[in-house]
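Some notes on the structure that comes next.
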Amino acid sequence: MNKKILLVEDERALCLLYEEELSREGYDVTAVMDAEAALAALAKTAFDLIITDIRMPGKNGIELITQIMGLRKDIPIIINSAYQSYKEDFMTWAADAYVVKSASLDELKAKIKQLIGD
Amino acid sequence: MIEKHNILSPDFERDAPREMTLLSIISQSFFQPFSLEDNLLVILTALTSGSGVGFNRAMLFLKQGDRLRGEMWLGPRSPEEAGFIWEVLSTPGIGYIEIIEHNRALVSKNEDTLSRRLKGLVFDSCEETALIPAYAACRKEILLVKDARNEPLADRRFLDVIGVDEFLCIPLLAREEPLGVIVLDNAITRTPITPADIKLAGLCGLIAGNYIYSATLHRKLLEMEKMAAMGEMAMFVTHQLRNPIVAIGGFTDQLLQPDVPQEKKTRNLAIIRDEIRRLEDIIYQMGHFLKVSMKEPAYFDPGPALAAVFDSPEVRTKSQGITMNIKLEACLPEVLCDPTSFGEVVRNLLDNAFDATPGGGMVSVRGYRKNSGRFVLSVRDTGRGISNPDKDQLFRPFFTTKEKGMGLGLPFIKRVMDTCGGKIEVQSRAGKGALFKLIFLSRERETTS
């Protein structure tokens, strides 16, 4: 069975790119564009990993992580943000990894593999 | 029962004691939104005005690093000029603003002679070697110099310029640090300097020192605010640029893989093209936002600019499905604003109103005079309104509640309004629509008969 990844990203083009690239690595990817949709998806499906952006319209990624920690502590979370500076916010330390967005997806793919295997 | 009084009376009371008059002149300078240079001129005016301390001439030196540099020199150049000036200034009913205007003209006229000669003067203000006038700043003491030609501590170049034997040096101090020196003399009337003159001039020096100190702090604060905004901008740009770059990089990598179907190639290239356009748009908007402060405000008739915005294809497209209700007072006054930014300010405000208002809603524009010398342009929408926490952030660059938007519209409007001495006010509650008011300084148009 393929491992299931929930992707929370408000940029449509990035959703498409990550979906395609991670599917090629053998993962099932569900992409949603905001925190509310992410919580709804979490209620329905048992995901193996969550990848979330921080700056999004509505609830931001940090608020989302806080809420997920209250619901399901066992799911690994990767923060994928354009900002380095959120690393200083201790709430982001609750995540299992912090990957700054880059034109190459190698680091993100390596972190996923490290956390949940192939 | 309530009795109302003006905070500052614009005219001097002729029978008031000169200490009161002096304080009145100087305190007006803190009240009026004049530049640092104009306010320093006010202080020199207080020292030379007949109803103030009454010296003939006042010169100002300011400290720059460890040097003291001549800045401005106020006073008549000859007894004839003195007679004329003092006659003008003692005209009954002449007020503070007129005197400042008059002295401003005098200082610029003096650029040819007095002030130009003064501006060539730079003195070392090192404690061990300083000569008069820098010596007063170093010692932090008021110096009354008599028989100056025979005073070894007096700088010879300075004596050649000032050309009198008796003068007073007042150090300008704040937090015990010397910021400059004011030199006063009675070159025209040749009247001796009295102990009462020295006391009053000393008081002026203290106030001037503290004024220069707070004005410098204010400048530094503005500079820091600008730096903080730049920092915030740099951080935002990182985010805004990074997302398209990730997309461009990722979809290009896919294209470089072998055997990519033609359909996917076309799709990826279209995405890459769109993301590059987005990068271009970000760069354009940033440049536009940074440029605002460079334009000078001027009075102009806002009518044609408003008509152009209301009739623009962009506004017509965006207002589809929304009722637009425009009511402007007949014969609008001239408003003070940068004319090229004015249209964009209104367009930005309308844009926000249309974006916030659902189909079937209404956007109302009103233009009316408020008190004298103010013109209000208001835009009201029936949209989703603004919550209280969002209201605090509205004018911060890069704050946005829109899905597509850089959050530069309202900061742009605020910068334009700040530059022209205007104001922007917001009234709104979540779910109850929003009212934005632009308040411009205005003046009635001159009617040609």
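Bear in mind that the values in this text are calculations on the coordinates, not laboratory data. Quantities reported herein were computed from a predicted structural model and do not represent experimental measurements. Here Cβ is always computed from backbone atoms with ideal geometry, including for glycine, and neighbour counts include all displayed protein chains.
Could you tell me which of rounded, prolate or oblate describes region B:34-81, using a ≥ b ≥ c as the square roots of the eigenvalues of the alpha-carbon gyration tensor, with rounded for a/c under 1.5 and, failing that, prolate when a/b is larger than b/c and oblate otherwise? Prolate shape, in that a/c is at least 1.5 and a/b is the bigger ratio. When exposed loop sites are taken as GluC sites (Glu not before Pro) in a DSSP loop with at most 14 other Cβ atoms within 10 Å, the longest stretch of chain B clear of them is B:177-328. Computed from backbone phi with θ = phi - 60° and the Karplus coefficients 6.51, -1.76 and 1.60, the 3J(HN,Hα) list for region B:310-323 is 4, 8, 5, x, 4, 5, 4, 5, 5, 8, 4, x, 10, 7 Hz; x is used for glycine and proline. Shielding value for A:73-86 is 2, the average number of Cβ atoms from other chains within 10 Å of each residue's Cβ. For the pair region A:1-19 and region A:80-118, the centres of their Cα atoms are 14 angstrom apart.
Beta-bridge orientation, the protein assembly as shown: approximately 70 percent antiparallel, per DSSP, counting only bridges with both partners inside.
Kirkwood analysis of the Cα pair distances in chain B returns a hydrodynamic radius of 26.8 Å. The Cβ shell under 10 Å around B:PHE436 holds other residues with a net charge of 0, Lys and Arg each +1, Asp and Glu each -1.
Axis angle, to the nearest 10 degrees, between helix B:18-31 and the longest C-alpha principal axis of chain B: 20 degrees.
Axis angle, to the nearest 10 degrees, between helix B:96-110 and the longest C-alpha principal axis of chain B: 80 degrees.
So the label point goes 7 Å from the Cα of A:ASP89 along Cα→C-beta, right? Which residues of region A:4-48 then have their backbone N under 16 Å from it? Taking a point 7 Å out along Cα→Cβ of A:ASP89, the residues of region A:4-48 whose backbone N falls under 16 Å are A:8-10, A:34-36. Here the simple spin-label model places points 7 Å from the Cα toward Cβ, and for A:ALA37 and B:LEU217 these points are separated by 5.2 nm. For the peptide B:248-259, the mean number of other protein chain Cβ atoms found within 10 angstrom of a residue's Cβ is 3. Distance between the modelled labels on A:ARG72 and B:ALA234, one decimal in nanometres: 4.0 nm (7 Å Cα→Cβ projection). Distant-in-sequence amide contacts of B:ASP155, defined by a placed amide H-H separation under 5 Å and a gap of 5 or more residues or a different chain, comprise B:ILE132. If R0 is taken as 25 Å, the Cβ-Cβ distance between B:GLU98 and B:GLU425 corresponds to a FRET efficiency of 0.15.
Extension gain, B:ILE326-B:GLU225: 0.36 nm per intervening residue step, less the Cα-Cα distance, totals 32.7 nm.
Shielding value for A:105-112 is 1, the average number of Cβ atoms from other chains within 10 Å of each residue's Cβ. Averaging Cα coordinates gives a centre for region B:167-208 and one for region B:49-78; these two points are 9 Å apart.
Over all directions, the projected convex hull of the C-alpha atoms in the protein assembly as shown averages 39.9 nm² in area. Taking amide H atoms as placed 1.01 Å from N in the peptide plane, the amide H of B:MET72 lies under 5 Å from those of B:LEU60, each 5 or more residues away in sequence or on another chain.
Distance from the C-alpha centroid of region B:211-250 to that of region B:315-386: 30 Å, rounded to the whole angstrom. A DSSP coil position with no more than 10 other Cβ atoms inside 10 Å describes the following trypsin sites (Lys or Arg not before Pro) in region B:338-430: B:LYS404.
The HN-Hα couplings worked out from phi for region B:55-63 by the Karplus form 6.51 cos²θ - 1.76 cosθ + 1.60 (θ = phi - 60°) are 5, 6, 9, 9, 10, 10, 10, 10, 7 Hz, whole numbers, x standing for Gly and Pro.
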